[in-house]
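Visitor: Sending over a structure as structure tokens; questions will come in a sec.
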Amino acid sequence: MSVIVFQVQSILIFSLILFGIYLIKQRKVSSHVKTMKIAMAWDILLILQIELNRGAIAKASKVIQNALILNIHVLLAVGTVVLYAFVFRSGGKVLSGDRSIYLTHKRLGVYTVAARFLTLVTSFMI
Ligand code: HEM
């Protein structure tokens, strides 16, 4: 599968996350939740596609030989997935009425968007 297929999916996933933020600004909470869950699930699937096609994990593990930009890209990609877990968990708590977590979720959300954006940008540099 060519790199273009991965890049197009990656751009679509990031656009979906931005759309998810737009929805929450429009106070459409349930659409925000659905959109973000689809974007996060699709992103995990994309990582699996890249792994199955390119042996990405074996390649990523050669940290010493790899170009610095590849190591930075892998760090950002892994960081994004870790943030997905936290933003998912905090979002669920806010959804179930725990407003004390709201600001944490919002902050984690901003970090997640930033990490995903940098993952996209560095993917064009490797
Ligand atoms: C990549 C994933 C996600 C990101 C980046 C994200 C980001 C955000 C941001 C930035 C806000 C605050 C918006 C504002 O008020 O200015 C927000 C609110 C919220 N998010 Fe998420 N979110 C994500 C996933 C989720 C998930 C998975 C859930 C639920 C399971 C969720 C539930 C909520 C809820 C309930 C609110 C508050 C709505 C209100 O004002 O009552 N989010 N999210």
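The values are calculated or read from the model by the stated rules, or taken from the named source; none is laboratory data. The structure presented is a predicted model; accordingly, all values stated were derived computationally and were not measured. Positions of Cβ are backbone-derived with ideal geometry, glycine not excepted, and every protein chain shown enters the neighbour counts. Just so you know, the surface numbers come from the protein's heavy atoms only, side chains and all, with ligands and any DNA or RNA stripped out. Shrake-Rupley method; radii C 1.70, N 1.55, O 1.52, S 1.80 Å.
Visitor: Determine whether region 70-87 contains at least one residue that is more than 10 Å from the ligand (Cβ to nearest atom), modelled with pLDDT under 95 and either open to solvent by 80 Å² or more (accessible area, probe 1.4 Å) or in contact with a Cys (Cβ under 9 Å, 6 or more places away or on another chain) (or both).
Guide: yes
Visitor: Considering region 32-43 alone, what residues qualify as being open to solvent by less than 40 Å² (accessible area, probe 1.4 Å) and more than 8 Å from the ligand (Cβ to nearest atom)?
Guide: If the condition is that a residue be open to solvent by less than 40 Å² (accessible area, probe 1.4 Å) and more than 8 Å from the ligand (Cβ to nearest atom), then Thr35, Asp43 are the ones that fit.
Visitor: Does Ser100 count as open to solvent by 60 Å² or more (accessible area, probe 1.4 Å) and either over 19 Å from Ile13 (Cα atoms) or more than 10 Å from the ligand (Cβ to nearest atom) (or both)?
Guide: So Ser100 passes the test.
Visitor: Mind checking which residues of region 4-31 are open to solvent by 60 Å² or more (accessible area, probe 1.4 Å), within 14 Å of the chain's Cα centre (by Cα) and either aromatic (Phe, Trp, Tyr) or at pLDDT below 95 (or both)?
Guide: Phe19
Visitor: Suppose we filter region 103-117 for residues that are within 16 Å of Met40 (Cα to Cα) and more than 9 Å from the ligand (Cβ to nearest atom); how many remain?
Guide: Result for region 103-117: 3.
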